[in-house]
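Handing you this structure, nothing more for now.
The values are calculated or read from the model by the stated rules, or taken from the named source; none is laboratory data. Computed from a prediction, not measured in an experiment: that's the story for all the values here. Cβ placement follows ideal geometry from the backbone for every residue including glycine, while neighbour counts extend to all protein chains displayed.
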Amino acid sequence: MFNHKKFLTTLTNSPGVYCMQDKDDTILYIGKARHLKKRITSYFSQTQNSKTRALVAQIAHIFVTVTHTEGEALILENTLIKTHHPRYNILLRDDKSYPYIFLTSHTFPRLGLHRGAKAVSGRYFGPYPHVGAVHETLKLLQKLFPIRQCQDSFYRNRSRPCLQYQIKRCSAPCVGLIDEAAYQEEVQHAVLFLEGKSQTVITTLVEKMEMAAQTLAFEKAAKYRDQISHLKKIQAHQYVSTQGGDIDIIAAVCQGKLGCLQVLTVRDGRFIGNRAFFPKIPPNLHLSKGTDKIEQAKEGNKKDKKDKINQTQIQILLSAFLPQYYLAESRYIPNEIILNCDINDMTLLTEVISQRRGRQIHIHSRVRGVRARWVEMALENANESLVQRQPNQYRERLAALSIILLMEKLPQRLECFDISHTQGEATVASCVVFDSNGARRSDYRRFNIENITPGDDYAAMRQVVRRRYHRLQKEKAQLPDIIFIDGGIGQVQIAQTVLNELQLAQIRIIGVAKGADRKPGLETLILPENETPLKLPKDSPALLLIQHIRDEAHRFAITAHRGKLAKKRRTSVLEEIKGIGTKRRQRLLSYFGGLQSLSRAGVPDLVAVPGISRKLAQKIYDFFSRQ
């Protein structure tokens, strides 16, 4: 039976596609998600309909493919559904093809939406994941560039301009009110925009939006903002479908004694799937043909040594994997094989595999553009697969904690509190909950702390503990076995006093006091029943668990505090990103039409904004991913 709880503990919250398989490895359902962990978790709730429960009952494996953006996930989902035709997708999801914007090859071309086979000659722009955005963009393009969108049969039979001309949505080429040269100039402007080579339209809309806002015409400004948002949706970069070619992208990663090789498969320009391989890494891997490099790596500082040894292990893995994988009798060999790093015998392997195929192939690792993003995607999925492959250490750490605390059985519920504020302003308390399987995010709670002296952490702790456990008592809900307090003896004594008042003295309290310089591993544990604080070794499994729970409470508290502070000051959360000043913030919000569209943008979309470097774009992308 599929252990969904164990699977979910290691699952990422990034966007991507998930494939559900039964015990015979038959794909049951393919779906996409903006947050993989949240979406897959929802399948295992108690409120699902009968069809979903029938699907969940058959699940034996779930495989995920992490993508950079939700748009990429949407297109990849469509591709995989058309390739595999899963049974439950017919019941649960429409199988329509994604739309293109189509420009005919007519003397006076028309712009329109196209689905299906590319049977008609002309230019196709796409595919695009948001059909609503395509419709809105066609309307907008009609306003900006008066290109006709009527069918040829309608165009040929006009004797006078139609209503579209009267409302300035068409230049009426049907009755000769514009010459061919002027019309083609409008067409070229539209093509440049659709190819992403021109920012003129967006710049114009931004200027109009700012001008409308300055004159207090907020409805007009909102309209321009929405238009910018639609334009950015239609221009959004996607890297899971491109022009022709059969390519395999192979990325290898190593962590200790574990290794993973992720193979991404591209056929006819479409990313159609991926597969992870977990070769057994022998303990004497360094004695193979990479010995010289590893011996050289032992010189220099510790970090460089570790990085060089890891890189050599990856090269050895790739060198061993390629011949075994591609020299199999039934294996299809593509025209191009892309690796995440160079290998020593690349020339020899290229020659041997080319002979096996009967024609020249190309094996290389130094790529740019779309191919570089494919390599990034392969690496991200390899690391994600490796995390899921590693043994679950949570229960081992939980057992170590119970031994240290002399408990007769494993604790079933752990709660941790943290207080966050900025010089007493916008004080927020967090409560995170862990059970025998890990974090229970659905049980996390945030508390707005009011009516206390600003900066009084003791008063804040007293308020949150009383509110939390008075309510649990009232609702007769499950109480924790252990409460962790991010603080020292003062906070612990406050919490203990409140629990005594509520007659909940049976709940154990542990304070987690930060060590010197607040460095991890130097924490001391405050137990009310012990006169002296308890100090555990840095590598203690129990301490690692406590650090994990404490850090999660801190993250949850500071996220809530920042949100409250931003709302209170009516400022953007972008201020939290180092390097984003007033001008860059305004430029980003104007360019994307709002914070919501900005939060969904990928790194290449952010780099397109004037003044945003790739390093800063990555920082912005990572910030919103964490949120």
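Condition test on Ala557, is it under 27 Å from the mean Cα position of the chain (by Cα) and in the same structural domain as Leu405 (by TED's automatic domain parsing)? I'd like the intermediate steps shown before the answer.
On the way: under 27 Å from the mean Cα position of the chain (by Cα): yes; in the same structural domain as Leu405 (by TED's automatic domain parsing): yes.
When the stated conditions are applied, Ala557 passes them.
Moving to a separate point now. For region 27-64, enumerate the residues that are closer than 12 Å to Tyr88 by Cα and in contact with a Cys (Cβ under 7 Å, 6 or more places away or on another chain).
Within region 27-64, Ile27, Ile30 qualify.
Here's something else I'd like to know. Could you say which residue among Ala382, Ala320, Ala328 is under 28 Å from the mean Cα position of the chain (by Cα) and among the small types (Gly, Ala, Ser)? It would help to see each step written out before you state the result.
Numbers: Ala320 fails: under 28 Å from the mean Cα position of the chain (by Cα); Ala328 fails: under 28 Å from the mean Cα position of the chain (by Cα).
Among Ala382, Ala320, Ala328, only Ala382 is under 28 Å from the mean Cα position of the chain (by Cα) and among the small types (Gly, Ala, Ser).
Does Cys150 count as outside the structural domain of Glu72 (by TED's automatic domain parsing), buried (at least 17 other Cβ atoms within 10 Å of the Cβ), modelled with pLDDT of 85 or more and at negative phi? First the steps, then the outcome.
Details: outside the structural domain of Glu72 (by TED's automatic domain parsing): yes; buried (at least 17 other Cβ atoms within 10 Å of the Cβ): no; modelled with pLDDT of 85 or more: yes; at negative phi: yes.
No; evaluated as a whole, the condition is false for this residue.
Condition (residue is hydrophobic (A, V, I, L, M, F, W, C), more than 30 Å from Phe278 (Cα to Cα) and either more than 33 Å from the chain's Cα centre (by Cα) or exposed (fewer than 14 other Cβ atoms within 10 Å of the Cβ) (or both)) applied to region 416-425: is it met by at least one residue? So that I can check it myself, show each step before the final result.
If we filter region 416-425 for residues that are hydrophobic (A, V, I, L, M, F, W, C), which is where we start, we get 416-417, 419.
Cutting the leftovers down to more than 30 Å from Phe278 (Cα to Cα) gives us 416-417, 419.
From the residues that got through so far, the ones that are either more than 33 Å from the chain's Cα centre (by Cα) or exposed (fewer than 14 other Cβ atoms within 10 Å of the Cβ) (or both) too are none.
Taking every residue of region 416-425 in turn, none turns out to be hydrophobic (A, V, I, L, M, F, W, C), more than 30 Å from Phe278 (Cα to Cα) and either more than 33 Å from the chain's Cα centre (by Cα) or exposed (fewer than 14 other Cβ atoms within 10 Å of the Cβ) (or both).
Next question, about the same structure. Just checking: which of the helices (runs of 4 or more DSSP H) contained wholly in region 326-414 hold 1 or more residues that are touching a helix residue (DSSP H, G or I) at 6+ places or on another chain (Cβ under 6 Å) and in the same structural domain as Ile510 (by TED's automatic domain parsing)?
Details: elements: 346-357, 369-389, 394-404.
Output list reads 394-404.
Residue check, Ile62 against (1) without any contact (Cβ under 8 Å) to a residue 60 or more places away in the chain; (2) under 15 Å from Phe2 (Cβ atoms), all met but one. Which one?
(1)
Residues checked against (1) loosely packed, with under 15 Cβ neighbours inside 10 Å; (2) modelled with pLDDT of 80 or more; (3) within 25 Å of Thr204 (Cβ to Cβ):
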{"position": "Gln547", "(1), (2), (3)": "no, yes, no"}
{"position": "Phe556", "(1), (2), (3)": "no, yes, no"}
{"position": "Leu565", "(1), (2), (3)": "no, no, no"}
{"position": "Glu576", "(1), (2), (3)": "yes, no, no"}
{"position": "Leu606", "(1), (2), (3)": "no, yes, yes"}
{"position": "Ala617", "(1), (2), (3)": "no, yes, yes"}
{"position": "Tyr621", "(1), (2), (3)": "no, yes, no"}
{"position": "Phe624", "(1), (2), (3)": "no, yes, no"}
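Would you mind stating whether Ile338 is under 27 Å from Arg614 (Cβ atoms) and among the β-branched types (Val, Ile, Thr)? Give the derivation first.
Working: under 27 Å from Arg614 (Cβ atoms): yes; among the β-branched types (Val, Ile, Thr): yes.
Yes, satisfied.
Between a first residue in region 504-520 that is at pLDDT below 75 and a second residue that is of a type in the set (Gly, Ala, Ser), which pairs have beta carbons less than 9 Å apart while being 6 or more apart in sequence or on different chains?
Short answer, once both residue conditions are applied: Gly515/Gly521.
A further question on this structure: Spot the failing condition for Thr67; the list is (1) within 23 Å of Glu380 (Cβ to Cβ); (2) at pLDDT 80 or above; (3) not assigned by TED's automatic domain parsing to the domain that holds Gly31, and only one is missed.
Result: Thr67 passes all but (3).
Okay, moving on. Among the residues of region 494-523, what is the count of those that are crowded, with 17+ Cβ neighbours inside 10 Å and among the polar types (S, T, N, Q)?
Summing the residues that are crowded, with 17+ Cβ neighbours inside 10 Å and among the polar types (S, T, N, Q) in region 494-523 gives 1.
Here is a list of conditions, (1) surrounded by fewer than 16 Cβ atoms within 10 Å (Cβ to Cβ); (2) under 21 Å from Arg397 (Cβ atoms); (3) aliphatic (A, V, I, L, M), and Leu536 meets all of them except one; can you say which number that is?
All conditions are met except number (1).
With the checklist (1) among the β-branched types (Val, Ile, Thr); (2) farther than 24 Å from Ala426 by Cβ; (3) assigned to a helix (DSSP H, G or I) in hand, flag the one item Thr559 doesn't pass.
(2)
Taking region 580-604 as the search range and keeping residues that are over 20 Å from the mean Cα position of the chain (by Cα) and charged (D, E, K, R), which one is surrounded by the fewest Cβ atoms within 10 Å (Cβ to Cβ)?
The qualifying residue surrounded by the fewest Cβ atoms within 10 Å (Cβ to Cβ) is Lys583.
Just give me the residues in region 28-70 being in contact with a strand residue (DSSP E or B) (Cβ under 7 Å, 6 or more places away or on another chain), within 22 Å of Ala439 (Cβ to Cβ) and charged (D, E, K, R), in sequence order.
Arg39
Could I ask something else about it? Tell me, which helices (runs of 4 or more DSSP H) wholly within region 1-82 include 2 or more residues that are loosely packed, with under 14 Cβ neighbours inside 10 Å?
Numbers: elements: 4-9, 36-42, 50-57.
So the answer is 36-42, 50-57.
Every residue, every condition in (1) in contact with a strand residue (DSSP E or B) (Cβ under 7 Å, 6 or more places away or on another chain); (2) free of Cβ contacts under 8 Å to residues at least 40 places away in the same chain, yes or no:
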residue: Ile546; (1), (2): yes, no
residue: Val573; (1), (2): no, no
residue: Tyr591; (1), (2): no, no
residue: Pro604; (1), (2): no, no
residue: Val609; (1), (2): no, yes
residue: Ser613; (1), (2): no, yes
residue: Asp622; (1), (2): no, yes
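Table: residues versus (1) over 24 Å from Ile507 (Cβ atoms); (2) out of contact with any Cys (no Cβ under 9 Å at 6 or more places or on another chain); (3) free of Cβ contacts under 8 Å to residues at least 24 places away in the same chain.
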{"site": "Gly358", "(1), (2), (3)": "yes, yes, yes"}
{"site": "Ile361", "(1), (2), (3)": "yes, yes, no"}
{"site": "Val387", "(1), (2), (3)": "yes, yes, no"}
{"site": "Ile403", "(1), (2), (3)": "no, yes, no"}
{"site": "Ile419", "(1), (2), (3)": "no, yes, no"}
{"site": "Phe447", "(1), (2), (3)": "no, no, yes"}
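Within region 156-180, count every residue that is modelled with pLDDT under 90 and part of a helix (DSSP H, G or I).
Residues that pass the stated criteria total 5.
May I pose another question? Considering region 437-478 alone, what residues qualify as being out of contact with any helix residue (DSSP H, G or I) (no Cβ under 7 Å at 6 or more places or on another chain) and in a loop (DSSP other than H, G, I, E, B)?
Correct list: Arg440, Glu450, Asn451, Pro454, Gly455, Asp456, Lys476, Ala477, Gln478.
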